[in-house]
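The values are calculated or read from the model by the stated rules, or taken from the named source; none is laboratory data. It should be emphasised that the depicted structure is a prediction, and the values quoted were computed from it without experimental measurement. When we count neighbours, we look across all protein chains shown, and the Cβ atoms used for this are built from the backbone with ideal geometry, even at glycine. Heavy atoms of the whole protein, side chains included, go into the accessibility calculation; ligands, DNA and RNA do not. Shrake-Rupley method; radii C 1.70, N 1.55, O 1.52, S 1.80 Å.
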Amino acid sequence: MSRDDLLRVAKPSRYLGGELNSLVKDLSRVRLKFALAFPDVYEVGMSHLGFQILYYILNQNAEIACERAFAPWPDMEKFLGDRDLPLTSLESSLPLREFDVIGFSLQVELNYTGVLNILHLSRIPLRAADRGEKDPLIIGGGPCAMNPEPLADFFDAFVLGDGEEVILEICQEIMASRADREPKKMLLKRLSRLEGVYIPSFFRVEYEREGRIKKIIPLKEGYPSVLRRILPDLNKGNFPPHPILPFMEVIHDRLNIEVARGCTRGCRFCQAGMIYRPLRERSPQKILRLIEEGLRSTGYDEVSLLSLSTGDYSCIEPLLSAIIDRYHAEKVAVSLPSLRGETLSPSIIQKIQQVRKTGFTLAPEAGTERLRQVINKGNTEADFLSTIRRVFSANWLLVKLYFMIGLPTEKEEDLQGIAHLCQKALVEARRAKGSAQINVSVSTFIPKAHTPFQWEPQCSIEEARRKQIFLRQKIVRQGLRFKWADTQLSFLEGVFARGDRRLSQVLEVAYKLGCRLDGWGEHFRYDLWEKAFTQVGLDPAFYTFRQRGLDEILPWDHLDSRVSKPFLKEEHHKAFQPLPTVDCSNASCSGCGVCYGADMLSNLRASEPEMLPRISPPAPKSRSAVFSLRRLRSQFAKFGPARFLSHLELSQAMLRAFRRAQIPLVFSKGFHPLPRVSFSPPIPVGYESWAEFLDYSIQGDLPPEEADSRLNSALPIGIKILKTHEIPLKFPSISDNIKKILYVVRFADSERPPKEIGDRFLKEERVPVFWPKKNKFLDLKEAVESLCFEDERGLKIVIRYREGGLLRPEEALDFIFGWAEGERPSIRVEKLQVEFKEPIPCPMKF
């Protein structure tokens, strides 16, 4: 295929997305256009498993097209504003205002200004009351939807609880309503009949003079409260077998598999442990199928088993054994991101380290036994120190510990306990591993809705800082690294976590003052938030620092999490005794109210361990002894949309394509085995290239032509293997063997520089210049071998590869034509050819 043919293939991918496994439907052939919006940046949103699950479920329906949108970084927001462009979807670049529905994923309170920013950039009125019949329906879901009152004025509807089933029911009601040409008010009435759907405009809130809620008044008959929706059985829920594979590195860049939802431990501070009840475990057979399909379709080299406490999963040890047995030879690692120390057995540690040591984070939460009893954590200091010993005895170098300050009943000795526990942990770690390191992370406790501590005050900013300083002085020493959360961020999160509808005005004012991406420290402007509260006339301390009465009407009292309020009050009382509540999966029912009601819900455990099938790895193909270890060199093209990939993103995309193509790569030895693949020196983002190279080592007798065919079928648009040769094992590396590189530089209309200046440069014997990037002088004539004006809009330039760095073509042209910073005309660079010092020998014959 010629260069022009390749460009024609790449040209249709003009959209911002284009990732592997993403879908672009013909929007003219669907009945409903649904935009999934994440009010944070792409790197965060694409790490969220629920976002991918809903994307898959919606696109499984032929009548629905689901596309994605994310909050832009400030430079992208400025780009859109400067050009008067609306925010669009990734898949088809359709402006969000042209979708029928925009569904926001509400994971953390600090993303709320991101919701307003997406609406504003989409040219959609912020407030639901200001939107017309032609505007999209705005809905939200996620853990923050369990108290969405600060957002109530901006949303048409919220989904409480699990969205896998109700999301399609919502879409069906919208399509039926549109077919009947009903006004939005009638559509909202339709939606209110669905279990789990909350319509905030169907309730009115009245306040006492001092700010407490006087009453929450239902405005629709038969709609006094909203019950959280629950998916009873994870095995019957849809899960994406082929998750979208981002080009760029995202926060959790691995194959994420949810093994369980819900938790029965009953930690009194934990909102997720309450609002995701009951416990539902996915069967190990289903998990193994999802892992097989996910790895095959993505090329990930790590699997993360997700739940609120993965170590509590009934079949964790036999499941780990099955995964390691199956994927050990392929060097696929397993991580367990959420663990209780007492569940981290020697067997689990031994299994995880068989491929690659992934990270361990342990959460004692509190520093003393007494305070752990208050929060019903249930683990002991002995459990914790024993786990530390086991982990570092298995040659781990680093463990992360997580604590909270400001918990109810906390005293000075509890803070001392955090410091003492960390010091004891380091002593145990250093006994097992002399170079052991422990990272200690401390956050401020934030009381959340629907938990036994929902009535408790949050400690003030000043008090939290005092405690952080105390711990920093006690903990910081060699081997212990102390990190802490921003107290102002924690305070703001606490305000909105238990806030009411009056905060909608604060949010809008703060957004208009410039608040964006509040969860990112470099963008957080607490001074603007203070100004917003002052302008609106609300005291934020009202929502955080006061003790709420047990009989006070709370902003979320009409939203039923299924965990009963009497149970939460009882747990609140037991916390101050302190008395434990046992894990209901191992004892009798604790009476929380979730199970055995009209829906007959209950904890659902996975099958017994002995029922887990043993999965053996595929039988190895016979390998010729002559070709047991071989080295191949491929030339490949990077063009079209792929020119915007950085070198790191390109190499990651290539390595994952090797896995999908099942190329038998050779790996390095040691604790962190890596594939033996090396690339030619990086080229700048935006360059197209027809002369990129990579070397890779394989085992077996795979012919180069078949390797090319397999790789090209697995590579994304814009990357294509052009040819591959086998080279001797001791042949020089790519970078050591480069002699010179030919580029073509193309200019916009009427911007090509004068040919006379280029001719004058060619006639010079020496052109000494100072190269700022390398902070040294060089002779430009030695670096630039030739310069040839090709036509009215382009020129070719040959640059010699020199020790100490490669001069970029645009840098050379800056020197030649005297362009100062900011004066260079718009150019497009293509790398056409590379000449090597030592040519590739004739390929081996088979």
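Val769 falls short on exactly one of the conditions (1) touching a helix residue (DSSP H, G or I) at 6+ places or on another chain (Cβ under 6 Å); (2) outside any loop (DSSP other than H, G, I, E, B); (3) of a type outside the set (Phe, Trp, Tyr); (4) closer than 23 Å to Ser689 by Cα, and that condition is (4).
Here region 565-589 is the region considered, the condition is being open to solvent by less than 90 Å² (accessible area, probe 1.4 Å) and of a type in the set (D, E, K, R), and the residue that is modelled with the lowest pLDDT is Asp583. Exactly one residue among Arg746, Arg752 is surrounded by fewer than 19 Cβ atoms within 10 Å (Cβ to Cβ) and basic (Lys, Arg), and that residue is Arg746.
Any residue that is part of a strand (DSSP E or B), farther than 21 Å from Lys638 by Cβ and either open to solvent by 60 Å² or more (accessible area, probe 1.4 Å) or touching a Pro at 6+ places or on another chain (Cβ under 7 Å) (or both) - is there at least one of those in region 820-831?
Going through region 820-831, the residues part of a strand (DSSP E or B) turn out to be 827-831.
Still in the list and also farther than 21 Å from Lys638 by Cβ: none.
Looking through region 820-831, none of the residues is part of a strand (DSSP E or B), farther than 21 Å from Lys638 by Cβ and either open to solvent by 60 Å² or more (accessible area, probe 1.4 Å) or touching a Pro at 6+ places or on another chain (Cβ under 7 Å) (or both).
When region 335-350 is filtered for residues that are touching a strand residue (DSSP E or B) at 6+ places or on another chain (Cβ under 9 Å) and either charged (D, E, K, R) or open to solvent by 40 Å² or more (accessible area, probe 1.4 Å) (or both), the ones remaining, listed by number, are Pro337, Arg340.
Filter region 783-808 for residues that are assigned to a strand (DSSP E or B) and in contact (Cβ under 8 Å) with a residue 60 or more places away in the chain and give the result. Lay out the reasoning, then the answer.
In the first step, residues of region 783-808 are kept if they are assigned to a strand (DSSP E or B); the result is 784-791, 794-800, 802, 805.
Scanning region 783-808 gives a single hit, Arg800.
Against the list (1) in a loop (DSSP other than H, G, I, E, B); (2) modelled with pLDDT of 95 or more; (3) of a type in the set (Phe, Trp, Tyr), the condition Tyr596 fails is (2). For region 258-276, a residue qualifies if it is farther than 21 Å from Val108 by Cβ, of a type outside the set (S, T, N, Q) and in contact with a Lys or Arg (Cβ under 8 Å, 6 or more places away or on another chain), and the qualifying residues are Val259, Ala260, Arg265. Listed here are the helices (runs of 4 or more DSSP H) enclosed by region 266-329 that have at least 2 residues being over 29 Å from Ala497 (Cβ atoms), out of contact with any Cys (no Cβ under 6 Å at 6 or more places or on another chain) and among the polar types (S, T, N, Q): 284-298. The residues of region 778-790 that are closer than 15 Å to Leu832 by Cβ and open to solvent by less than 70 Å² (accessible area, probe 1.4 Å), listed by number, are Ser786, Leu787. Total residues in region 540-565 satisfying the condition of being in contact (Cβ under 8 Å) with a residue 60 or more places away in the chain and of a type in the set (Ser, Thr, Tyr): the figure is 2. When you check Arg14 against the structure, is it at pLDDT 95 or above and open to solvent by 50 Å² or more (accessible area, probe 1.4 Å), yes or no? In short, no.
Just give me the residues in region 216-253 being within 30 Å of Leu715 (Cβ to Cβ) and either open to solvent by 60 Å² or more (accessible area, probe 1.4 Å) or aliphatic (A, V, I, L, M) (or both), in sequence order. Scanning region 216-253 gives Asn238, His242, Ile244, Leu245, Met248, Glu249, Val250, Ile251, His252.
The criterion of at least 2 residues that are touching a residue at least 24 places away in the same chain (Cβ under 8 Å) and over 28 Å from Arg29 (Cα atoms) is met, among helices (runs of 4 or more DSSP H) falling completely within region 90-202, by 112-121. Within the span defined as region 462-484, every residue fails to be open to solvent by less than 40 Å² (accessible area, probe 1.4 Å) and either farther than 30 Å from Val427 by Cα or within 24 Å of the chain's Cα centre (by Cα) (or both).
Total residues in region 791-805 satisfying the condition of being farther than 24 Å from Gly640 by Cα and surrounded by fewer than 18 Cβ atoms within 10 Å (Cβ to Cβ): the figure is 5. Being under 30 Å from Ser393 (Cα atoms) and in contact (Cβ under 8 Å) with a residue 24 or more places away in the chain is true of Leu471. Residues of region 260-276 that are at pLDDT 95 or above, among the charged types (D, E, K, R) and open to solvent by 10 Å² or more (accessible area, probe 1.4 Å): Arg261 alone. Pairing residues of region 412-427 that are under 22 Å from Arg389 (Cα atoms) and in contact (Cβ under 8 Å) with a residue 24 or more places away in the chain with residues that are assigned to a helix (DSSP H, G or I) and open to solvent by less than 10 Å² (accessible area, probe 1.4 Å), at Cβ distances under 7 Å and at least 6 apart in sequence or on separate chains, gives Ile418/Leu471; Ala419/Leu471; Ala419/Ile475; Cys422/Ile475; Ala425/Ile388. Of all residues in region 759-771, those that are in contact (Cβ under 8 Å) with a residue 40 or more places away in the chain and farther than 15 Å from Cys788 by Cα have Cβ atoms under 9 Å from Cβ atoms of residues that are open to solvent by 80 Å² or more (accessible area, probe 1.4 Å) and not charged (D, E, K, R), 6 or more apart or on another chain, in Val769/Phe777; Trp771/Phe777. If you go through region 783-823 and keep only what is charged (D, E, K, R), modelled with pLDDT of 90 or more and within 39 Å of the chain's Cα centre (by Cα), you end up with Arg808, Glu810, Glu811. Among the conditions (1) open to solvent by 40 Å² or more (accessible area, probe 1.4 Å); (2) closer than 30 Å to Ser634 by Cβ; (3) not polar (S, T, N, Q); (4) not in a loop (DSSP other than H, G, I, E, B), Pro841 misses just one, which is (4). Count of region 191-215 residues, restricted to those that are open to solvent by 30 Å² or more (accessible area, probe 1.4 Å) and of a type in the set (S, T, N, Q), is 1.
Just one of Arg466, Arg502 is out of contact with any Phe, Trp or Tyr (no Cβ under 8 Å at 6 or more places or on another chain) and either modelled with pLDDT of 95 or more or not small (Gly, Ala, Ser) (or both); which is it?
Details: Arg502 fails: out of contact with any Phe, Trp or Tyr (no Cβ under 8 Å at 6 or more places or on another chain).
Only one candidate passes the filter, namely Arg466.
Meeting the requirement of 3 or more residues that are free of Cβ contacts under 8 Å to residues at least 12 places away in the same chain and in contact with a Gly (Cβ under 7 Å, 6 or more places away or on another chain), no strands (runs of 3 or more DSSP E) wholly within region 642-742 can be named.
In region 585-606, the residues that are closer than 19 Å to Leu227 by Cβ and touching a residue at least 12 places away in the same chain (Cβ under 8 Å) form Cβ pairs under 7 Å with partners that are in a loop (DSSP other than H, G, I, E, B) and of a type in the set (Lys, Arg), at six or more places apart or across chains, as follows: Cys592/Arg277; Gly593/Arg562; Val594/Arg277; Val594/Arg562. I want to confirm something. Restricting to region 514-557 and keeping residues that are within 29 Å of the chain's Cα centre (by Cα) and assigned to a helix (DSSP H, G or I), which single residue is surrounded by the fewest Cβ atoms within 10 Å (Cβ to Cβ)? So the residue we want is Asp527.
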